[in-house]
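Worksheet: one structure, shown below.
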Amino acid sequence: MSLLTKGLIIMVIIECIFIFAIETIIPKSKATSKIFKIPLNELNNKYINTLIKNQGIYNLLLAPMLLVSLFYNSKLISSMILIYIILVAIYGSITSQKKIIITQGGLPILALITLLF
């Protein structure tokens, strides 16, 4: 695995932790409202709040899996997780906001490309 690939994967890990933070730690914030284009009053709804927090946990759990893939220098594990993130970003861009493919999928796409070539 090249240094560039490892650097991009580390950036994906940071992105996963950032998404966790805005979805789980500060789900009712103006930042979360702005990023996800959800009205602030909707974020105070306990059901929506719970859904957002659960999504944040999914993002957080990707980080240690990617760290393990770096520790073991495993292209297979890294590529599987990156493909998963890319597929979720594609789904999000189809069902929610088109820009998700770039904002959440951009770094994983670049990391996967450098990993494969």
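The values are calculated or read from the model by the stated rules, or taken from the named source; none is laboratory data. Keep in mind that this is a model prediction, so the values were computed, not measured. Cβ placement follows ideal geometry from the backbone for every residue including glycine, while neighbour counts extend to all protein chains displayed. Only protein heavy atoms, including side chains, enter the accessible area calculation; ligands, DNA and RNA are left aside. Shrake-Rupley method; radii C 1.70, N 1.55, O 1.52, S 1.80 Å.
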Selection from the stretch 71-85 of residues that are touching a residue at least 12 places away in the same chain (Cβ under 8 Å), open to solvent by less than 30 Å² (accessible area, probe 1.4 Å) and either over 13 Å from Cys16 (Cβ atoms) or in contact with a His (Cβ under 9 Å, 6 or more places away or on another chain) (or both): Ser78, Ser79
Conditions (1) surrounded by fewer than 17 Cβ atoms within 10 Å (Cβ to Cβ); (2) within 15 Å of Gln104 (Cβ to Cβ): number failed by Glu23: (1)
Per-region count, the stretch 30-53, residues open to solvent by less than 30 Å² (accessible area, probe 1.4 Å) and within 20 Å of Lys99 (Cβ to Cβ): 4
Restricting the stretch 54-70 to residues that are open to solvent by 50 Å² or more (accessible area, probe 1.4 Å) and not hydrophobic (A, V, I, L, M, F, W, C), the residue that is farthest from Leu43 (Cα to Cα): Pro64
Tally of residues being free of Cβ contacts under 8 Å to residues at least 60 places away in the same chain, in contact with a Gly (Cβ under 9 Å, 6 or more places away or on another chain) and assigned to a helix (DSSP H, G or I) across the stretch 13-40: 6
